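Trainee: One structure is given below, represented as structure tokens, and several questions about it will come after.
The values are calculated or read from the model by the stated rules, or taken from the named source; none is laboratory data. If you're wondering where the values come from, they're calculated on a predicted model, not measured in any experiment. As a convention, Cβ positions derive from the backbone with ideal geometry for all residues, glycine included, and neighbour counts pool all protein chains shown. To get the accessible areas, we keep the full protein, side chains included, count just its heavy atoms, and leave off ligands, DNA and RNA. Shrake-Rupley method; radii C 1.70, N 1.55, O 1.52, S 1.80 Å.
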Amino acid sequence: MTIRVFTFGESMGLVQGDEINAIDQLSSARISTGGSEANVAIGLSRLGLDSTWLSRVGNDGFGKRVVGDLRSEGVSVIANIDMESPTGLMVKTTPRAGVTAVDYYRKGSAASKLSMNDFADVNFSDYNLVHVTGITPALSAQNQATWLAVAKVAKAAGCLVSFDVNYRSKLWSKEKAASVFKDMLLLADIVIAGIDEAQLILDDDSEDPLALGRKIEDFGPSVVAIKCGADGAAVVSKGQTHRVKALSVSVVDTVGAGDAFSAGFIAKYLETKDSNAALNLANVVGGLACTHPGDWQGLPTAVEVSQFLSNDPVQR
């Protein structure tokens, strides 16, 4: 049976410095694309699932690049073209070795104007799961309303809903975000959060991922995965718990690793309904994503995951 996942949100043009320098000192940069939900869609496609991504893009080169990159990765794209608003832009630099700086130019972007009209032709009963992140509601009040409405419609159609908290401090305050995130906790079946994000939602200073996971579980989700950085990850599901150690890899770039984690978790959970197995795969997929620069280019395929797990570095 084909597993189908639907997601929506902003994907942007990406200008990435190709040397260690702040933006005002850069001599050259590379052009790409990036955005959390689009990254997850690509990650799922590479793992063998049928993924669909919806958004709005501007009538510009970055919009064409976003659509082209996603389609080239096997993602089904529904992209309404906004003739008045531009595609958002992200600038990523490495001002010092081991430090990544990300700046956004997305206020008033095409994707900040998502409405339920953009979803008019979507039949949510065709999908097993709808994936959302906490970035979309931060872009505008209209997006916030649309974000919640889509989750409600998807639930009514029988879809599971996964929610990656993905708090972005440059987009809104902790207080506003926490209030909105709690609304989604009441709708989500699967919640994925970092320890700091769980603390933000719960207003809780605990460093215990299992304790934080249980408190989030009280809102209604049946599965809560907590990312612990160098300390690995943990999952709480219906009273059962599981922890994994972080993967030992040579880290090149951690941007996009959280999206890779989400893709791995969703893929395995939809296949098996086993939260422990889902955490194990998410840990591997997220770790492998750190070994490659770029938001999505390093997301592993199912073959690459299998090769890693078999400890065979030679591709034949």
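Trainee: Any idea which residue in the range 145-175 is nearest to residue 118 (Cα to Cα), counting only those that are touching a Phe, Trp or Tyr at 6+ places or on another chain (Cβ under 7 Å) and at pLDDT 95 or above?
Mentor: For the range 145-175, the residue satisfying everything is 150.
Trainee: Restricting the range 232-245 to residues that are open to solvent by 40 Å² or more (accessible area, probe 1.4 Å) and either closer than 16 Å to residue 192 by Cβ or in a strand (DSSP E or B) (or both), which is modelled with the lowest pLDDT? Write out each step before concluding.
Mentor: As a first pass, look at the range 232-245 and keep what is open to solvent by 40 Å² or more (accessible area, probe 1.4 Å): 238-243, 245.
Now drop any that are not either closer than 16 Å to residue 192 by Cβ or in a strand (DSSP E or B) (or both), which leaves 240-243.
On the way: 240: 91, 241: 96, 242: 96, 243: 96.
Ranking the qualifying residues of the range 232-245, first place goes to 240.
Trainee: Applying the selection to the range 53-85, what residues are assigned to a strand (DSSP E or B), of a type outside the set (A, V, I, L, M, F, W, C) and open to solvent by 40 Å² or more (accessible area, probe 1.4 Å)? Walk me through it before giving the result.
Mentor: Taking the range 53-85 first, the residues assigned to a strand (DSSP E or B) are 53-58, 76-82.
Okay, now just the ones that are also of a type outside the set (A, V, I, L, M, F, W, C), so 55-56, 58, 76, 80, 82.
Of everything in the range 53-85, those that are assigned to a strand (DSSP E or B), of a type outside the set (A, V, I, L, M, F, W, C) and open to solvent by 40 Å² or more (accessible area, probe 1.4 Å) turn out to be 56, 76, 80.
Trainee: State whether the residues of the range 209-216 include one that is open to solvent by 40 Å² or more (accessible area, probe 1.4 Å), in contact with a strand residue (DSSP E or B) (Cβ under 6 Å, 6 or more places away or on another chain) and assigned to a helix (DSSP H, G or I). First the steps, then the outcome.
Mentor: Restricting attention to the range 209-216, the residues satisfying the condition of being open to solvent by 40 Å² or more (accessible area, probe 1.4 Å) are 214-215.
Okay, now just the ones that are also in contact with a strand residue (DSSP E or B) (Cβ under 6 Å, 6 or more places away or on another chain), so 214.
When the remaining residues are screened for being assigned to a helix (DSSP H, G or I), the result is 214.
Yes, because at least one residue in the range 209-216 is open to solvent by 40 Å² or more (accessible area, probe 1.4 Å), in contact with a strand residue (DSSP E or B) (Cβ under 6 Å, 6 or more places away or on another chain) and assigned to a helix (DSSP H, G or I).
Trainee: When residues of the range 156-203 are filtered for being among the acidic types (Asp, Glu), within 18 Å of the chain's Cα centre (by Cα) and not in a loop (DSSP other than H, G, I, E, B), how many remain? Explain how you work it out, then say what you get.
Mentor: From the range 156-203, those among the acidic types (Asp, Glu) are 164, 175, 183, 189, 196-197, 203; that's our starting set.
Next, only the ones that are within 18 Å of the chain's Cα centre (by Cα) stay: 164, 189, 196-197.
Those still in the list that are not in a loop (DSSP other than H, G, I, E, B) too: 164, 196-197.
Summing the residues that are among the acidic types (Asp, Glu), within 18 Å of the chain's Cα centre (by Cα) and not in a loop (DSSP other than H, G, I, E, B) in the range 156-203 gives 3.
Trainee: Another question, then. Going through the range 298-316 one residue at a time, which ones are surrounded by 15 or more Cβ atoms within 10 Å (Cβ to Cβ) and modelled with pLDDT under 85?
Mentor: 298
Trainee: Sort through 299, 270 and tell me the only one that's part of a loop (DSSP other than H, G, I, E, B) and touching a residue at least 12 places away in the same chain (Cβ under 8 Å).
Mentor: Values: 270 fails: part of a loop (DSSP other than H, G, I, E, B).
Answer to the selection: 299.
Trainee: Would you pick out the residues in the range 1-27 that are charged (D, E, K, R) and buried (at least 24 other Cβ atoms within 10 Å of the Cβ)?
Mentor: Once the filter is applied, which keeps residues that are charged (D, E, K, R) and buried (at least 24 other Cβ atoms within 10 Å of the Cβ), the range 1-27 yields only 10.
Trainee: If you check residue 30 against the conditions, is it over 12 Å from residue 11 (Cα atoms), modelled with pLDDT under 95, open to solvent by 10 Å² or more (accessible area, probe 1.4 Å) and touching a Leu at 6+ places or on another chain (Cβ under 9 Å)?
Mentor: Yes, satisfied.
Trainee: How many residues does the range 33-59 hold that are over 17 Å from residue 109 (Cβ atoms) and either β-branched (Val, Ile, Thr) or modelled with pLDDT under 95 (or both)?
Mentor: 3
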